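J.: First the structure, which I've put down as structure tokens, then a few questions once you've had a look.
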Amino acid sequence: MNDLAPEKMRIMQVADGKLSFFYSIFSVFFIFYSISFSISIIPFLFSVFLTLKRGKLLLIEFLVIIVSYIVLYVVNRENFLIFTFRVLSYVNIFIGLSEKIDYSTIIDTLGSKGVPLVISIAYIPFFYRVSRELIFNMRARKVRFSFSNYVLPLTVQTIKVAEDLYVSYNLKLYGNLIRKRNFKPRKIDILLLIASVSVLLVSCVYNPHFLQIYNFVA
């Protein structure tokens, strides 16, 4: 029994650093509302903050913004650039929160109906890690980078994942998938709620259009 205590404590510490799914729903609602009904750049900056550790992702998004602006500038539709920011904000929120949500709280809230959602969320960080390892191995073996050399191993790994217990391991669930009504918020839940509400309020009160900022700097 005592041998299991350190492992149990480690799992509890990991869970404490994760978001509760129930309260994440409210945070995501506030963030999505500020993204969808605001022309402010503030929600996008907040979404970038959630994905600061994803340097390559942010670099790709920066290039997407530049290309989008050039194309829209040529066709004289710069105002449509806000939709690029909104799409990228949605992507950042989904990717950023997918790694921070405690998967077991999804089952606590939705029961067995939450399993498909858990699978879809759990696969995002997994495929990101597989992609990084694949690129690292290609560089180590000095294999010439090509679309086929990259996609084929990734496809094989995808099929393999469908057959193993990766998702089950991440869930750390035992027995039946029964709802547990535990609505006690964690510290990180409260912080995210405060941050999301603040983003919504600031976006409504101070609502500068990104093109206004561009014109001011220019």
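J.: Tell me, which residue of the range 179-215 that is of a type in the set (S, T, N, Q) and more than 29 Å from I101 (Cβ to Cβ) is modelled with the highest pLDDT?
T.: If we take residues in the range 179-215 being of a type in the set (S, T, N, Q) and more than 29 Å from I101 (Cβ to Cβ), then N207 is modelled with the highest pLDDT.
J.: Name the helices (runs of 4 or more DSSP H) wholly inside the range 1-104 in which the number of residues that are modelled with pLDDT of 85 or more and of a type in the set (A, V, I, L, M, F, W, C) is 3 or more.
T.: In the range 1-104, the matching helices (runs of 4 or more DSSP H) lie at 21-36, 42-50, 55-74, 81-98.
J.: For the range 28-35, state whether one or more residues are more than 26 Å from V118 (Cβ to Cβ) and either touching a residue at least 12 places away in the same chain (Cβ under 8 Å) or touching a Cys at 6+ places or on another chain (Cβ under 8 Å) (or both).
T.: Taking every residue of the range 28-35 in turn, at least one turns out to be more than 26 Å from V118 (Cβ to Cβ) and either touching a residue at least 12 places away in the same chain (Cβ under 8 Å) or touching a Cys at 6+ places or on another chain (Cβ under 8 Å) (or both).
J.: So which pairs qualify, if the first residue must be in the range 97-115 and closer than 20 Å to F30 by Cα, the second must be in a helix (DSSP H, G or I) and not hydrophobic (A, V, I, L, M, F, W, C), the Cβ gap must be under 6 Å, and the two must be at least 6 apart or on different chains?
T.: Cβ pairs passing all conditions: E99/P125; I101/S24; I106/G114.
J.: Being of a type in the set (G, A, S), surrounded by fewer than 16 Cβ atoms within 10 Å (Cβ to Cβ) and closer than 22 Å to I188 by Cα: is that true of G55 here?
T.: no
J.: Applying the selection to the range 65-123, what residues are within 18 Å of I39 (Cα to Cα) and among the polar types (S, T, N, Q)?
T.: S68, N79, T84, S89, N92, listed by residue number.
J.: Here is a further query. Residue check: is F85 in contact with a helix residue (DSSP H, G or I) (Cβ under 7 Å, 6 or more places away or on another chain) and crowded, with 18+ Cβ neighbours inside 10 Å?
T.: yes
The values are calculated or read from the model by the stated rules, or taken from the named source; none is laboratory data. None of the values given here were measured: they were computed from a predicted structure. Every residue, glycine among them, receives a Cβ derived from its backbone with ideal geometry; neighbour counts consider all protein chains shown.
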